[in-house]
Amino acid sequence: MGIIVPVLTLVFLLLTTMSHAAFKPRMILVGGYVGAWKVPDSPSNTLNHWAESNRFKVGDVLVWNYDAKVDSVLQVTKEDYDSCNTAKPLKQFNDGDTKFKLDNSGAYFFISGAPGSCTKGEKIHLVVLAERSNPGGGSGEGGSPVVSPVSSPPALSSHAPAPAPNAAVGLKVGSGLFLTAFAIGLAMA
């Protein structure tokens, strides 16, 4: 019994921390390093290659670091991305330390606002994954149940009803830390 409680405590702490990390937005440095927002060194080393090797989720925050005196970041439509048109951006950033939250799933297009840089490859197209829905009943973000609209009354069935949502869904890291401290206290007693 002496080793079981500390091992269970460690497992519980790890699972609690991992579940919290799943809901925490990530800060993602565009290109993976400071200074990546530039004309690429070669056609085989573009920001699109970097974007294709990453998975972006709703809530992630993209971070660009660049010299604001000579460059900027423009969010544009697909058409303006393809033609490198800087005239009508959806959003324009020129602070040198741009942060952009990915609020929705789907495609995002960004180009450089520096003259001629987009046509030389300083641009990025990325896709944000759709949030997984849980048609089995589970829970949505923030621990509230997922609710699906019903278009017609349910048919009578001989199947047993689905179990009620787990009350533990609402537990957050704070309560996990309390339970971990309690378990450690028991182990030391």
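The values are calculated or read from the model by the stated rules, or taken from the named source; none is laboratory data. In this text, all values refer to a predicted model and were calculated from it rather than measured experimentally. FYI the Cβ positions are ideal-geometry reconstructions off the backbone, even for glycines, and counts take in every protein chain you see. The protein model used for the area step is the full one, side chains on, heavy atoms only, and it has no ligands, DNA or RNA in it. Shrake-Rupley method; radii C 1.70, N 1.55, O 1.52, S 1.80 Å.
Using the Cβ of residue 115 as centre and a radius below 13 Å, the other residues enclosed give a net charge of -1, where K and R count +1 and D and E count -1. Ranked by the mean number of other Cβ atoms within 10 Å of their residues, highest first, the peptides 107-116, 123-132 fall in the order 107-116, 123-132. Ignoring aspartates and glutamates fewer than eight residues from residue 38 along the same chain, the ones with Cα atoms less than 16 angstrom from its Cα are 67, 71, 95, 97, 122.
Positive contributions from Lys and Arg (+1) and negative ones from Asp and Glu (-1), summed over other residues with Cβ under 9 Å from the Cβ of residue 68, come out at -3. Here's the list of lysines a cross-link from residue 24 could span, going by alpha-carbon distance under 22 Å and ignoring same-chain residues fewer than 8 apart: 57, 99, 101, 172. Near residue 71, no amide H atom lies under 5 Å from its own; only residues 5 or more places off or on other chains count, and H is placed 1.01 Å from N.
The modelled label-to-label distance between residue 57 and residue 45, using points 7 Å beyond Cα along the C-beta direction, is 3.1 nm. Residues whose amide H falls under 5 Å from that of residue 28, counting only those 5 or more places apart or on a different chain, are 61, 62, 63, with hydrogens built in the peptide plane.
Sorting 117, 42, 83 on solvent-accessible area from highest to lowest, probe radius 1.4 Å, gives 83, 42, 117.
Cβ-Cβ distance of residue 78 and residue 24, R₀ of 22 Å, FRET efficiency by 1/(1 + (r/R0)^6): the value works out to about 0.15.
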